[in-house]
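**Student:** Starting off with a structure, shown below.
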Amino acid sequence: MKKITFGKISSNFGQNASAPTGTIGTFGPPKAIEVLEDDREAQQVKEVMGITSFGKKAKSFDIQEMMSQVKATAREVTKKPLEDKPLEESSSEDDDSSEGESDGDLIGPPIPSTMPEKPVKSTKKSVEDSDADEDDDDDDSEVEEDEHFLPVSENTTMRHGLKAVTALTVDHSGARLASGSVDYDVSFWDFAGMDSSLRSFRTLQPCENHPIRHLHYSSTGDLLLVISGARQAKVVDRDGFEKLETVKGDMYITDMARTKGHTAALLAGQFNPCVKEEFLTTSSDGTVRTWDFYQEGKQHKQIIKCRAQNGLKASPTAVAYNRDGKVIACGCADGSVQLWDFRKSSVAPAAQLRRAHQPVEMTAINFSHVGDHLVTRSMDETLKLWDVRSLKAHLNQIGGLFARYDTTDAIFSPNDAMVVTAVSMQKGEKHGRVNVYDRKTFGLVKSLPVSDGSHAIRVNWHAKLNQIFIGGGDGHVKCYYDPKKSLRGVTLCVVKSHRKAQHSEVVSGQQVITPHALPLFRQERRKTSRKQMEKDRLDPVKSKRPDLPITSGQGGRVASSGGTLSSYVIRNLGLSKRVNDDQDPREAILKFAKEAEENPYWIAPAYAKTQPKPVLDMGTEGSGEDDGEPQEKRSKQ
């Protein structure tokens with residue numbers, strides 16, 4: 001029998017035809033023979049295919065050599081840069097230093113030695129420093145321009161009504177705007193659907209005869225909170241249809257926590273920026289109440305009682321959420337600023353400042369977008385900036401800002417670099433204005449005028465649209481924008497031409513107008529609904545007029561048969577002669593007396609056999625019946 005062996009198959013079968021060295025149970029040749037055969041086979045494949053190597057070999061690292069290279073690199077970095085050194089020397093040194101490391105990493109053909117060299121300009125350090133300073137100045141100026149950039153190159157006007165616009169809001173996406181006024185109207189504006197005429201697509205009165213004080217869209221933009229002078233707040237959808245109305249409170253209960261709703265007129269309100277179904281309202285009863293949309297306004301969710309320093313209630317005239325929706329800032333009528341955190345307690349404020357302003361109504365209070373600053377606006381003609389982390393003293397203050405309306409706005413710019421506030425028109429001035437101040441220095445950056453003879457009340461600077469909306473005292477909403485840096489919004493409307501009503505120019509038939517034509521051929525002119533209704537009212541059939549009452553018998557229901565029941569019966573019996581109702585009945589009977597006497601028909605034939613002597617002739621002279629009676633019993637003749 002042949003002995004079964006296992007060996008390595010090689011390309012050279014003649015050399016590997018020697019006797020096997022292993023036995024059953026051993027696989028392959030010894031280790032030394034295997035290594036030699038691998039090297040020999042790899043060399044033969046390289047020669048046949050013309051390949052120098054099959055890839056990179058594993059590098060071997062020497063710790064001492066690496067440490068020396070690190071030290072040399074550190075010395076070169078700390079040395080003064082050689083600026084006047086020729087390019088050839090530096091490139092040769094770089095090539096020498098990196099030759100050992102990059103030999104194995106080179107890909108492609110080598111660089112030709114005859115390649116032209118690029119000259120290098122030598123400069124002095126002072127020149128470089130000056131250039132660097134100029135670049136820094138340019139960068140600073142660009143940053144300053146970006147911080148103080150105002151989109152005010154163009155403006156347009158939207159007409160809300162004839163009275164002051166006291167409420168203004170834009171939804172989060174920037175697709176719609178809502179404005180409210182003291183004339184009880186709320187107008188809805190859709191930027192995508194408007195043309196250059198800038199007309200609102202819907203105007204309604206959600207709160208009947210109550211002026212609109214505040215409007216605010218939810219974070220998703222599908223709901224709108226309407227705050228009016230009534231005790232009940234309303235939530236409507238994007239098209240103005242009512243979705244919720246808060247409950248009224250019991251005004252005879254002293255403890256406001258025991259009532260389900262507000263007991264006095266509302267002052268302000270806002271949706272939670274993070275929780276879309278939560279919103280808050282403030283009232284003259286001294287409370288701030290939070291509501292849940294899904295509870296249908298049947299009862300408030302939480303309540304805050306704002307107190308003055310003497311313990312009496314203080315009406316929160318302005319309120320705002322921070323960006324997380326966790327802290328509520330209240331500006332009260334006693335001039336105090338109170339910060340409430342529901343995560344801690346709703347009994348006492350987390351922070352407060354009693355004399356932030358004079359004891360008058362605070363018109364606006366808003367957090368910065370970062371959340372560490374607070375701006376307040378008051379009827380004492382001041383604008384103040386506060387640090388939320390320390391409310392002991394204001395950071396900046398501006399005075400002399402007249403505010404006629406108690407809803408005058410003060411907001412931050414989208415990048416928090418500026419503070420914007422509205423200023424009303426004083427006596428002798430031609431128009432109100434919107435002032436823009438630098439947040440750090442409170443220096444005036446820009447003063448934007450409003451319409452002539454009008455106050456500036458509401459301001460809204462939308463971050464996505466980069467447009468400034470201003471509500472004026474003459475019923476106009478003015479919008480400032482920049483065609484290059486403002487997106488969507490009003491820029492979509494001003495480029496659309498006004499769409500006119502399309503009139504049909506195709507005439508089906510030739511019309512000849514003849515004023516004296518017959519009624520049969522006369523074309524009826526189209527009348528309005530009111531004229532048609534008046535015409536139908538005169539028609540007894542269409543108006544279903546009841547039957548007229550019966551008068552003298554002429555023109556009534558039984559005029560042909562007379563006005564009495566007897567005449568009606570006679571006519572139905574078929575008598576040919578007409579009975580005259582105006583004739584005397586006695587004369588009508590006596591007219592047939594002679595005929596009845598000569599030719600009796602009704603009475604005489606009935607009594608002819610029983611009573612030969614007529615009984616009707618009693619009491620006449622010559623009769624013997626009364627002869628035996630006394631004189632006093634005789635009938636008088």
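The values are calculated or read from the model by the stated rules, or taken from the named source; none is laboratory data. These numbers were taken from a predicted model, which means no experiment stands behind them. Quick reminder, even Gly has a Cβ in these numbers, built from the backbone with ideal geometry, and neighbours come from all protein chains shown.
**Student:** Determine the pairs where a residue that is within 18 Å of residue 223 (Cα to Cα) and outside the structural domain of residue 229 (by TED's automatic domain parsing), located within the stretch 188-208, has a partner that is basic (Lys, Arg) and outside any loop (DSSP other than H, G, I, E, B) with Cβ atoms under 6 Å apart, the partner being 6 or more residues away or on another chain.
**Tutor:** none
**Student:** Another question, if that's okay. Output the number of the condition that residue 335 fails; it satisfies all remaining conditions of (1) closer than 18 Å to residue 257 by Cα; (2) out of contact with any helix residue (DSSP H, G or I) (no Cβ under 8 Å at 6 or more places or on another chain); (3) not aliphatic (A, V, I, L, M).
**Tutor:** For residue 335, the exception is condition (1).
**Student:** Still on this model: Condition (residue is part of a loop (DSSP other than H, G, I, E, B), touching a helix residue (DSSP H, G or I) at 6+ places or on another chain (Cβ under 9 Å) and over 21 Å from residue 182 (Cβ atoms)) applied to the stretch 259-276: is it met by at least one residue?
**Tutor:** yes
**Student:** Right, here's the next one. Scan the stretch 285-317 for residues that are of a type in the set (Gly, Ala, Ser) and in contact with a Cys (Cβ under 7 Å, 6 or more places away or on another chain) and report the count.
**Tutor:** The total comes to 3.
**Student:** For the stretch 442-478, which residues satisfy the criterion of being under 17 Å from the mean Cα position of the chain (by Cα) and within 12 Å of residue 155 (Cβ to Cβ)?
**Tutor:** Result: 467, 468, 469, 470, 477.
**Student:** List the strands (runs of 3 or more DSSP E) inside the stretch 281-361, counting only whole elements, that have at least 2 residues being crowded, with 16+ Cβ neighbours inside 10 Å and in contact with a Gly (Cβ under 7 Å, 6 or more places away or on another chain).
**Tutor:** 316-321
**Student:** Based on what the data block shows, is residue 307 of a type in the set (Lys, Arg), in contact (Cβ under 8 Å) with a residue 12 or more places away in the chain and touching a strand residue (DSSP E or B) at 6+ places or on another chain (Cβ under 6 Å)?
**Tutor:** Spelling it out, it is not the case that residue 307 is of a type in the set (Lys, Arg), in contact (Cβ under 8 Å) with a residue 12 or more places away in the chain and touching a strand residue (DSSP E or B) at 6+ places or on another chain (Cβ under 6 Å).
**Student:** Which of the strands (runs of 3 or more DSSP E) found entirely inside the stretch 379-478 contain at least 2 residues meeting this: surrounded by fewer than 18 Cβ atoms within 10 Å (Cβ to Cβ)?
**Tutor:** 396-399, 431-438, 444-452
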